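Only the coordinates and a few stated rules stand behind these numbers; no lab work does. Keep in mind it's a predicted model, so treat the numbers as computed, not measured. Reconstructed Cβ throughout: ideal geometry from the backbone, glycine too, with neighbour counts over all protein chains shown.
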Amino acid sequence: MIFVRRQPEPPSFQSSVRQPGLAFLARVQNPRGADFKKQRHWKHCLSDLHAAYGGICAYSAHWIPPDVSRGTVDHYLPRDSAPELAYEWSNFRLCTEKMNNYKDCELDVMDPFHIQNGWFVINFTSFFIEAADTLPDYLKVAAKATITRLRFNIDNALMKERFNWVKLYANGDVSFDFLLRRYPFIACELERQNLKDDIKTRFRGPRI
């Protein structure tokens, strides 16, 4: 995970998402999951969300190809516990369907809008994501809980994707600028760990 800069809501958001959402909330007291299923007005801003955040999943920091899927709208604070934020742009995070399912309605995932770069570290030997050793204990606990919840190190497909893109970069098949645009967490970690050039000669990845 890397820091994600909050982007302003699009001009159409008020009429396409917030207004119909607030109208629904005014009609239904204490809405639950079943109530929200027929009132998914947040879907109307998915294209805008994808464009605003460059198609990058807020949690995995992997690119979501628009020709396949524009991803999903994650409510950082779940709808059931914070219905007043169910139709608020500030509560939306662009993410893959997988990340959305892993996070679900849990509250132990750190907010990409509030973390700092370097709190999460890629180990380029194991390709695990780890909490930085320099974090104070309370943040380290939160980072480890996030890593566990989002299955960064137990989802083989996620690990393989990290490995493959580093291998492609190390072999010269993709540029660093490409990584920065499409896989910014990988790019930022290579740069932060001073591996941007060295990885090309000393890269030795595990078989995944």
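Filter the stretch 100-112 down to the residues that are more than 10 Å from the chain's Cα centre (by Cα) and in a loop (DSSP other than H, G, I, E, B), then identify the one that is farthest from Gly33 (Cα to Cα).
Filtering first and then ranking leaves Met110.
Would you confirm whether or not the stretch 101-112 contains a residue that is among the hydrophobic types (A, V, I, L, M, F, W, C) and in contact with an Asp or Glu (Cβ under 6 Å, 6 or more places away or on another chain)?
Scanning the stretch 101-112 turns up no residue that is among the hydrophobic types (A, V, I, L, M, F, W, C) and in contact with an Asp or Glu (Cβ under 6 Å, 6 or more places away or on another chain).
Does Gly54 satisfy the criteria of being under 14 Å from the mean Cα position of the chain (by Cα) and farther than 17 Å from Asn100 by Cβ?
Yes.
Return the residues of the stretch 38-63 that are assigned to a loop (DSSP other than H, G, I, E, B) and in contact with a strand residue (DSSP E or B) (Cβ under 6 Å, 6 or more places away or on another chain); say none if nothing qualifies.
Tyr53, Gly55, Cys57, Ala58, Tyr59
A quick yes/no check of all residues on (1) among the acidic types (Asp, Glu); (2) touching a helix residue (DSSP H, G or I) at 6+ places or on another chain (Cβ under 7 Å); (3) in a loop (DSSP other than H, G, I, E, B):
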| residue | (1), (2), (3) |
| --- | --- |
| Gln19 | no, no, no |
| Leu22 | no, no, no |
| Gln29 | no, no, yes |
| Phe36 | no, no, no |
| Pro65 | no, no, yes |
| Arg79 | no, yes, yes |
| Arg93 | no, no, no |
| Lys98 | no, no, no |
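Of the residues Glu88, Glu97, which single one is touching a Lys or Arg at 6+ places or on another chain (Cβ under 9 Å) and of a type in the set (Asp, Glu)?
Selected residue: Glu88, the only one of Glu88, Glu97 that is touching a Lys or Arg at 6+ places or on another chain (Cβ under 9 Å) and of a type in the set (Asp, Glu).
What are the residues in the stretch 133-172 that are in a loop (DSSP other than H, G, I, E, B), among the hydrophobic types (A, V, I, L, M, F, W, C) and surrounded by fewer than 16 Cβ atoms within 10 Å (Cβ to Cβ), if any?
Ile154, the sole residue that qualifies.
From the list Phe127, Phe163, which residue is out of contact with any strand residue (DSSP E or B) (no Cβ under 8 Å at 6 or more places or on another chain) and on the phi > 0 side of the Ramachandran plot?
When all the criteria are applied, what remains is Phe127.
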